[in-house]
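Worksheet: the structure to be examined is printed underneath.
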Amino acid sequence: MAGAECELERLLANHCAPVFCHRKTANLVAARRELMDALPEVLADSKISWVQLCGCRKYCHILFYDRERLERYLQREGHQSFLKEHGYAGRTMEEQLSLLAERYESYQKHGNPFPHEIGLFLEYPLADIEGFIEHQGKDALESGYWKVYGDVEQARAAFRLYDELKMALTTMLAAGFSFRECCAAQTVA
């Protein structure tokens, strides 16, 4: 297997295991630009989609997402209200992702306000997103994959699951299993 494919698979196992095992809607990854050419091969036969949110000469910030799961998550009543407040109402999934990419790149390159709505796309609990905004990222009850302002036990359970999936995928990859085999084994588990 090509070096770029191996590197990309290790990166995805470390940072996107819950997404590729269909236990989380999306994850954001900063990847070296050279790895972009390996994406079609690594994602072949996968139900995972991706969109580049921002890029420079050396790195790309890529959102990997489970489209079906993301669409269901964003359709929840409270989530729709939050998205409407942030200018996403009445848009298709592609339009929403395009707007998110525009805002994220504007933040990264021009210092414009951070698009906190990205937390919803990443399946962070709405209470935690709103708490983060209200407390300006301070005074969290717990911190892990995100800062927790709501249900700490629910967040801890998610953090444990994500850690277990990451460990399983990275261990299986190191043992010589293909990335597809690793993800399939954990999706069934």
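Taking the number of other C-beta atoms within 10 Å as the exposure measure, put 170, 92 in order starting with the fewest.
92, 170
To the nearest 20 Debye, how big is the dipole of the chain about its Cα centre, given +1 on the beta carbon of each Lys and Arg and -1 on that of each Asp and Glu?
About 260 debye.
Exposure proxy check: 62, 118 ranked by fewest other beta carbons within 10 Å?
118, 62
Using alpha carbons only, how many degrees (0 to 90, rounded to 10) separate the axis of helix 3-20 from the longest principal axis of the chain?
Its long axis makes an angle of about 50 degrees.
Tally Lys and Arg at +1 and Asp and Glu at -1 over the other residues with C-beta under 9 Å from the C-beta of residue 150: what net charge comes out? Could the numbers behind the result be given before it?
Working: positive: none; negative: 128, 130, 151.
So the surrounding residues net to -3.
Per-residue HN-Hα couplings for segment 173-181, Karplus 6.51 cos²θ - 1.76 cosθ + 1.60 at θ = phi - 60°, whole Hz, x for Gly and Pro?
These are the phi-based 3J(HN,Hα) values: 4, 5, 7, x, 6, 6, 4, 4, 4 Hz.
Just rank 153, 181, fewest to most, by other beta-carbon atoms within 10 angstrom.
So the residues, fewest neighbours to most, are 153, 181.
What is the magnitude of the charge dipole of segment 58-160 about its Cα centre, with +1 placed on the Cβ of each Lys and Arg, -1 on the Cβ of each Asp and Glu, and no other charges, expressed in debye to the nearest 20?
300
So what's segment 13-89 giving for Cα Rg divided by 2.2 N^0.38 Å, two decimals?
For segment 13-89, the normalised Cα radius of gyration is 1.22.
Per the helix-only calculation at 222 nm, which mean residue ellipticity applies to the chain, given -39500 (n - 2.57) for every DSSP H run of n ≥ 4 and division by its residues, nearest 500 deg cm²/dmol?
-17000 deg cm²/dmol
Quick note: the coordinates plus some simple rules give every number you see, no bench work behind them. Owing to the predicted nature of the structure, the values given are computational and were not obtained by experimental measurement. As a convention, Cβ positions derive from the backbone with ideal geometry for all residues, glycine included, and neighbour counts pool all protein chains shown.
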